[in-house]
């Protein structure tokens, strides 16, 4: 009866002086792997035109219905190389579950999930992110 | 005469301040040890290494809303938190920190300790009753039965020591241990004392009166703000005082272990030993799960009581025929 009690005490004392797993979060950040699914970004092509061509696959595949997309024509090929771009591209971060299906579904690698994970904002309306917010900054 | 009064008042103030310091940093130590054992860090933000955390906690409790339950038993409701703190503070009157540093050398110090410390059960019982709520009441009732059972073991294990020393004065008890600590002469009494003390303090693994998982918060569920803080203050003050008494009784008070390092003053040794026992209580709390209530009572009446009574019998034979 005494043996297990002492064994328990020895385990806890080893943990008391052992390494700690705490990350002091605001001061040190968690190590993020490249495949981490964080905030979305709408990629631009190498020529600076948008890759997204309004196929709507991401909206269709999204299990949380977080994506709303509406397209328009771009007849002079100013912003797109196929003549169609998304006029509205909204992701509702109140609904998004960061499953990454939109990235998998996208045939042109236009939408990509980045490693950025600090997504808290001070009002709920800011969680509805529009196209301007999501488009890659160059 | 006047000099004695002033000196005594100064001593009381110093002892009180040291006790309160120990209590405040007892909560800090508790949180650090809890964190460490669970591979966490513990308090970190208030001051260097979070050392100002007890201060921040105290301030927070001051500014909380002081709720009085409408249908409570008002006088009892107000008296219970006071009763939680006062007995623990009263006990420091008899604790000898060094050969000549103590508030008073009472010749019945051990009886005084038992009498005063058993008053704190009233705080828990009345606090549980006054809130007019079922969970505190259950906690208070459990506490009452637990106290009565373990009070006997505590008292009897102290009797073992008093029989050898032949005096109830704590100073005499420590002086007796100059060559050999009592823990080597009375190991069974020491173990019984520690188990009973932890049970008396409502500490895990015997914290049935405040078992969070079944009784919400136990006897202090209906208390808030400073009244709640008083209960906690009393609990930690009781822990410190129990550790100090255990140091006097079993660990040779102010004497250095095996007469090494004699240049370190006695009261430092006393504080170190007190802290070690305090740390042991924290260590126990974060290691063992809570026992079931019938196991708790069974352990007191079926195991500890016969063992400590047998120990008294053997000690009696030794005292009578051994000399």
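The values are calculated or read from the model by the stated rules, or taken from the named source; none is laboratory data. Quick caveat, the model's predicted, so the values are computed rather than measured. In this analysis, Cβ positions are derived from the backbone assuming ideal geometry, glycine residues included, and neighbour counts consider all displayed protein chains.
Scan region B:164-193 for residues that are closer than 14 Å to residue B:281 by Cα and surrounded by fewer than 20 Cβ atoms within 10 Å (Cβ to Cβ) and the total you get is 1. The strands (runs of 3 or more DSSP E) located wholly in region A:59-138 that include 3 or more residues which are over 18 Å from residue A:39 (Cα atoms) and in contact with a strand residue (DSSP E or B) (Cβ under 7 Å, 6 or more places away or on another chain) occupy A:67-73, A:84-92. Of the residues screened, residue B:308 is one that is farther than 21 Å from residue A:4 by Cα, away from every other protein chain (no Cβ under 14 Å) and surrounded by 17 or more Cβ atoms within 10 Å (Cβ to Cβ).
Do we find that residue B:10 is touching a residue at least 12 places away in the same chain (Cβ under 8 Å) and either surrounded by 15 or more Cβ atoms within 10 Å (Cβ to Cβ) or out of contact with any strand residue (DSSP E or B) (no Cβ under 8 Å at 6 or more places or on another chain) (or both) in this structure? No: the conditions fail for residue B:10.
Just to check your reading of the model, which residue among B:275, B:267 is within 14 Å of residue B:97 (Cα to Cα), away from chain A (no Cβ under 14 Å), outside any loop (DSSP other than H, G, I, E, B) and touching a helix residue (DSSP H, G or I) at 6+ places or on another chain (Cβ under 9 Å)? The conditions single out B:275. When we screen A:58, A:53 for residues that are touching a helix residue (DSSP H, G or I) at 6+ places or on another chain (Cβ under 9 Å), more than 14 Å from chain B (Cβ to nearest Cβ) and either surrounded by 10 or more Cβ atoms within 10 Å (Cβ to Cβ) or at pLDDT 85 or above (or both), the only hit is A:58. Just one of the numbered conditions (1) closer than 28 Å to residue B:167 by Cβ; (2) more than 14 Å from chain A (Cβ to nearest Cβ); (3) modelled with pLDDT under 90 is not true of residue B:313: (3). A single entry from B:148, B:158 fulfils the requirement of being at pLDDT below 85 and either out of contact with any strand residue (DSSP E or B) (no Cβ under 9 Å at 6 or more places or on another chain) or farther than 25 Å from residue B:60 by Cβ (or both): B:148. The numbered conditions (1) surrounded by 18 or more Cβ atoms within 10 Å (Cβ to Cβ); (2) touching a helix residue (DSSP H, G or I) at 6+ places or on another chain (Cβ under 7 Å); (3) within 14 Å of chain A (Cβ to nearest Cβ) are all true for residue B:299 except (2). Within region B:278-296, if we keep just the residues that are more than 14 Å from chain A (Cβ to nearest Cβ) and free of Cβ contacts under 8 Å to residues at least 12 places away in the same chain, the residue that is farthest from residue B:202 (Cα to Cα) turns out to be B:294. Close contacts from region B:113-139, counting a first residue that is free of Cβ contacts under 8 Å to residues at least 12 places away in the same chain and a second that is buried (at least 19 other Cβ atoms within 10 Å of the Cβ) and part of a helix (DSSP H, G or I), with Cβ to Cβ under 7 Å and a gap of 6+ residues or different chains, come to B:137/B:128; B:137/B:129.
Got a sec? Which of B:125, B:102 is closer than 17 Å to residue B:221 by Cα and surrounded by 16 or more Cβ atoms within 10 Å (Cβ to Cβ)?
Working: B:102 fails: closer than 17 Å to residue B:221 by Cα.
Only one candidate qualifies: B:125.
Identify, from the list B:20, B:1, the residue that is under 30 Å from residue B:96 (Cβ atoms), modelled with pLDDT under 85 and away from chain A (no Cβ under 14 Å).
Result of the check over B:20, B:1: B:1.
Annotation: of all residues in region A:9-23 being surrounded by fewer than 10 Cβ atoms within 10 Å (Cβ to Cβ) and assigned to a loop (DSSP other than H, G, I, E, B), the one that is nearest to the other protein chains (Cβ to nearest Cβ) is A:21. Put simply, of B:27, B:76 the only residue that is surrounded by 13 or more Cβ atoms within 10 Å (Cβ to Cβ), in contact (Cβ under 8 Å) with a residue 12 or more places away in the chain and within 24 Å of residue B:284 (Cβ to Cβ) is B:27. Condition (residue is within 14 Å of another protein chain (Cβ to nearest Cβ) and either in contact with a strand residue (DSSP E or B) (Cβ under 7 Å, 6 or more places away or on another chain) or within 28 Å of residue A:95 (Cβ to Cβ) (or both)) applied to region A:24-41: is it met by at least one residue? Yes: one or more hits.
Just one residue in the set B:115, B:197 is under 27 Å from residue B:229 (Cβ atoms), buried (at least 19 other Cβ atoms within 10 Å of the Cβ) and out of contact with any strand residue (DSSP E or B) (no Cβ under 7 Å at 6 or more places or on another chain); that residue is B:197.
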